[in-house]
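Read-outs: derived from the displayed coordinates by stated rules, not from any lab. Fair warning: this is a prediction, and the values are worked out from it, not measured in the lab. When we count neighbours, we look across all protein chains shown, and the Cβ atoms used for this are built from the backbone with ideal geometry, even at glycine.
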Amino acid sequence: SGTNKLLTLIDTVIDFIFLIDILLNFRTSFVDSSNEVVYNPYRIAKNYLKGWFILDFLAAFPFQLICLILKTNQTTVLISLGKSARLRRLVRITRKVDMYSEYNIALLLLLVFGFTLIAHWFACLWYAIGVKECTSQNNLGWLAKLNNDLNNTYNRTEGLDLTTTYLTALYFTLSSMTSVGFGNVSANTNIERLFTIIIMLAGALMYAIIFGNITAIIHRLYSGLARYHSTMRRVRRFIRFYQIPSPLRQRLEDYSQYDYSYTNGIDMNEILSHFPEGLQAEVCLHLNRNLFARNLAFRGVPPGCLRTLSLKLKTTRYTPGNYIIHYGDEIVNLMWIERGTLEVLQGDKVIFVLGKCDSFGENFGAVYDRLVGKSCASVRALTYCDIQSISREDMLSSMRAYPEFHRSFNRNFKVSFNLRDLELEEKDLSSSLCNLSQQRQDVLEKLKQKNSIKSNTKKFNKKTNCRIDNSLNREVNRDSVISADSVMSDYSLASKLVSSQNLFSGHSIYVTDHSTYEENPLNKENGNFYPSLREKQKEKELDQLRLWLDNFEKAKGDILAILKLLKFESEKISLKNSRSFKASLEVPKKRKKSI
């Protein structure tokens, strides 16, 4: 018939498409075991012949056309089963299902279509089994029973039409896959019963897989809404726990709702953190392409600079009534309006209105070496706004790294509203100058005190050194006679030297630390303390002298023999001690001069 010829033509066209696919597979590269792409035609052909070539050839061989040419249809149904090798194409489809799993509606329709397709294949096999059973077992199959129920006799030329037969077979397979059937179409022979068992088992498996996935897909459809409700619950718990007042609470809830409606619960920063920095830069450059395109300051800038800036740009959303910056705040960001309208306030007066593509803050390139400025006004959102901003430090670091960008930005960038407050900055600078002036006066006063202490110390050291030098010179140059009196005189001289060394060595007058200088009793000009100290030293010297004279009387004969030698050594030692003592007094003096 005409319908059969049309179906045969369609089937033949499909067979030729598969034959073309076989030829293309001989020219398609593949990935080998070492994860390298192979482009060698010989290796490609060898790999394909060892793999799927036989199944693809059976699936593409035009059995239907050959049977039509030979004018026979005895084995058409069974031979056509060889085309079931095309089912391996489904493996490629299942591999791509996960790639497009985010398209939930499409995936849901694909699973329903897959279930229906499997039912169609089972219906075709069920029809083939019915035809086979009718011809081999005296019309006992399900197809013969269906014709008898409808008062028809089944044969090759007469009986039910193909449409009724196909719909009946599809109805049976679907009812068997989803339930146990209804009995109006049943298996009558052993082969039919065996096939029905296979349909039921496959149906149970397909029902669990496909409809289980459908449940997961429906859950994913509402996962974003579930995240939104979870976020709102956390926000409300936060508000209750910290007792946030009503106006601020409403603003928090409005922002949460707006943020979800704008982003659909997607955190861009969290997603980008899983990718390499180079790929992050490319994505951020794409997201900020409109900002770079509409600003002349970014034209002609090196691509590396644009990638760096795109990574540092940050998008923030504001709800109506929220303040972006307050009066007196430090201007640490340069901002562009991506969407929405803002108003600039001084007190309660609106002095400027900013819209899409406008900028506010200050030109950081023009104040490259100046201090951070302060805002001369407040900026508040009139509508829902999206604002892109970059910090002062990030902008200046990019300008230092790319001088050509610095020049281009200064030459071409015009800020829509400059928030820098020059009057407030002048007040801060004047206050800083006053503080610096006061600190300078304090430092000068301290230096004056130090100079005064140094001059007094030098005068006192000079007087003290002169007195000691004169006293020592008189004692050393005195003539002595070898007698008991001369021995006593020599001994007195040695005692005075020892006592003077004990008195002055290590004294605070020679210490460079001026903090203890005023507490030194020798610094007093009246010298009230010094005579009393001398009296004590004299008493000790007399006691030692008496003891020495007693011993001298006892050993007078032995001592007279060595008096000459003793006198010579005594003079030598006295002269040496006087020089060393004088040198020790001059050392602190030099140190104080250096201070």
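If the stretch 187-301 were replaced by its equivalent ellipsoid, with semi-axes equal to the square roots of 5 times the Cα gyration tensor eigenvalues, what would those be, largest first, whole Å?
Working: eigenvalues 506, 163, 25 Å².
So the three semi-axes of the stretch 187-301 are 50, 29, 11 Å.
More than 19 Å apart: what percent of Cα pairs in the stretch 185-243 qualify? Intermediate values should be presented prior to the final figure.
Values: 1065 of 1711 pairs.
Summing the P(r) tail past 19 Å for the stretch 185-243 gives 62 percent.
Which FRET efficiency value, to the nearest 0.05, is calculated for residue 202 and residue 37 with the Förster distance at 35 angstrom and r the Cβ-Cβ distance? Mind dumping the intermediate values first?
On the way: r = 38 Å, r/R0 = 1.09.
Efficiency for this residue pair is about 0.40.
Relative contact order for the stretch 14-62 using alpha-carbon pairs under 8 Å, separation at least 6, rounded to a whole percent?
Over the stretch 14-62, the number comes to 51 percent.
Which of the pairs 349/414; 5/46; 5/132; 5/50; 50/132 have their Cα atoms more than 32 Å apart in this structure? Each step should come with its number before you reach the end.
On the way: 349/414 24 Å; 5/46 38 Å; 5/132 23 Å; 5/50 36 Å; 50/132 36 Å.
Those over the limit are 5/46; 5/50; 50/132.
Along the three principal axes, how long is the stretch 334-410 when you take its alpha carbons, biggest first, rounded to the nearest angstrom?
The Cα atoms of the stretch 334-410 stretch 39, 25, 17 Å along their principal axes.
Which of rounded, prolate, oblate describes the stretch 261-333, given a ≥ b ≥ c as roots of the alpha-carbon gyration tensor eigenvalues and a/c under 1.5 marking rounded, otherwise prolate only if a/b is larger than b/c? Please list the in-between numbers first.
Values: a/c = 1.99, a/b = 1.22, b/c = 1.64.
Oblate is the answer for the stretch 261-333, as a/c is 1.5 or above yet b/c matches or exceeds a/b.
Quote the FRET efficiency, to the nearest 0.05, computed for residue 6 versus residue 149 with a Förster distance R0 of 30 Å and r equal to the Cβ-Cβ distance.
On the way: r = 30 Å, r/R0 = 1.00.
The pair residue 6/residue 149 has a calculated efficiency of 0.50.
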